[in-house]
1. So which residues in segment 163-198 are of a type in the set (Ser, Thr, Tyr) and modelled with pLDDT under 95?
2. Considering (1) surrounded by fewer than 15 Cβ atoms within 10 Å (Cβ to Cβ); (2) over 19 Å from Ser143 (Cβ atoms); (3) modelled with pLDDT of 95 or more, say which one Arg130 fails and leave the rest.
3. Out of curiosity, is Arg159 charged (D, E, K, R) and either touching an Asp or Glu at 6+ places or on another chain (Cβ under 9 Å) or assigned to a loop (DSSP other than H, G, I, E, B) (or both)?
4. Scan segment 148-162 and tell me whether some residue there is buried (at least 16 other Cβ atoms within 10 Å of the Cβ), hydroxyl-bearing (Ser, Thr, Tyr) and either in contact with a helix residue (DSSP H, G or I) (Cβ under 8 Å, 6 or more places away or on another chain) or over 17 Å from Phe54 (Cβ atoms) (or both).
5. Filter segment 19-55 for residues that are over 22 Å from Lys151 (Cβ atoms), of a type in the set (Ser, Thr, Tyr) and in contact with a strand residue (DSSP E or B) (Cβ under 9 Å, 6 or more places away or on another chain); which is modelled with the lowest pLDDT?
6. Taking the options Arg58, Arg107, Arg103, name whichever one is more than 17 Å from the chain's Cα centre (by Cα), modelled with pLDDT of 95 or more and assigned to a helix (DSSP H, G or I).
7. Sort out which residues of segment 181-215 are within 15 Å of the chain's Cα centre (by Cα) and either among the hydrophobic types (A, V, I, L, M, F, W, C) or surrounded by fewer than 15 Cβ atoms within 10 Å (Cβ to Cβ) (or both), and write them in order of number.
8. Evaluate segment 170-179: report whether one residue or more is under 18 Å from the mean Cα position of the chain (by Cα) and aromatic (Phe, Trp, Tyr).
Amino acid sequence: MSRRLRAESKVAVKYSSPRRGYKDLNVKMTSPSPLLYDTYYHIYSRGVNGENIFVEERNYGLFLKLFEKHLSSVADLFAYCLLRNHFHLSVRIKPAEEILETRKTLRVSPANGHQSRRGNSTSQEEGQSRKPLGSKYVSDQFSNFFNAYAKTINKAYGRTGSLFQHPFGRVPITTDRQFWNVIAYIHQNPQKHGFVKDFRDWKYSSYGVILTGRPTVIKHNEVMKWFGTRDDYLTLHRQWVTDAQAKWFTGEDFD
């Protein structure tokens, strides 16, 4: 990791609490603040009116592919759990400078061969890539991701209108303890909701993916380094994340 989250403290807990922290900061989930650069989050959402957002098995893979397409340039993914009518993600929004550098690389890459036939367009695009991103840039990328998935599902299953509840939930993760707990909480979610008797059996979470270490959109090496060892990862997942612990990184009306 490029940096560690700050040590556990009463100040950190108060700031990150969705029940007290958002109230103290005068932030309402009906009009949440834009996602901040270089910040860790628990991101979650569910289907509008509790509707399923994953209809069949292929939808889970589509969701992850679209995440990689729309969000890998702005966010690192540490954990996910995709359930039938909702999902949970643990992410880090990248620093603005890192995002700008990625955009610059993409714009001037030789793989985009058409650029060499457009005169000075390459230099214009390089200049464009260095412009400030703005406070809503990352939030807009998440909206693009959700819209792309919703349009695909709507077309495939003959539905119309919104698929996800608005706005999507976001809670800052500000300490190491919260980081460990939110990842375990995300992975334990299928068992909590009764989809399986043992969360380790749920196919659509990153629990096993992180253990295998196979190349995916998940930053599994960073997750394992953060936990310490494979045994630490397994041990912390065997310890059930209680509601009292989860209240610091879950919203008031969603779990």
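1. Thr174, Thr175
2. (3)
3. On the way: charged (D, E, K, R): yes; either touching an Asp or Glu at 6+ places or on another chain (Cβ under 9 Å) or assigned to a loop (DSSP other than H, G, I, E, B) (or both): yes.
Taking the combined requirement at face value, the residue satisfies it.
4. yes
5. If we take residues in segment 19-55 being over 22 Å from Lys151 (Cβ atoms), of a type in the set (Ser, Thr, Tyr) and in contact with a strand residue (DSSP E or B) (Cβ under 9 Å, 6 or more places away or on another chain), then Tyr22 is modelled with the lowest pLDDT.
6. Working: Arg107 fails: modelled with pLDDT of 95 or more; Arg103 fails: modelled with pLDDT of 95 or more.
So the residue among Arg58, Arg107, Arg103 that is more than 17 Å from the chain's Cα centre (by Cα), modelled with pLDDT of 95 or more and assigned to a helix (DSSP H, G or I) is Arg58.
7. Val182, Ile183, Ala184, Ile186
8. The answer is yes, given that some residue of segment 170-179 is under 18 Å from the mean Cα position of the chain (by Cα) and aromatic (Phe, Trp, Tyr).
The values are calculated or read from the model by the stated rules, or taken from the named source; none is laboratory data. Keep in mind that what you see is a predicted model, and the values were worked out from it rather than measured. FYI the Cβ positions are ideal-geometry reconstructions off the backbone, even for glycines, and counts take in every protein chain you see.
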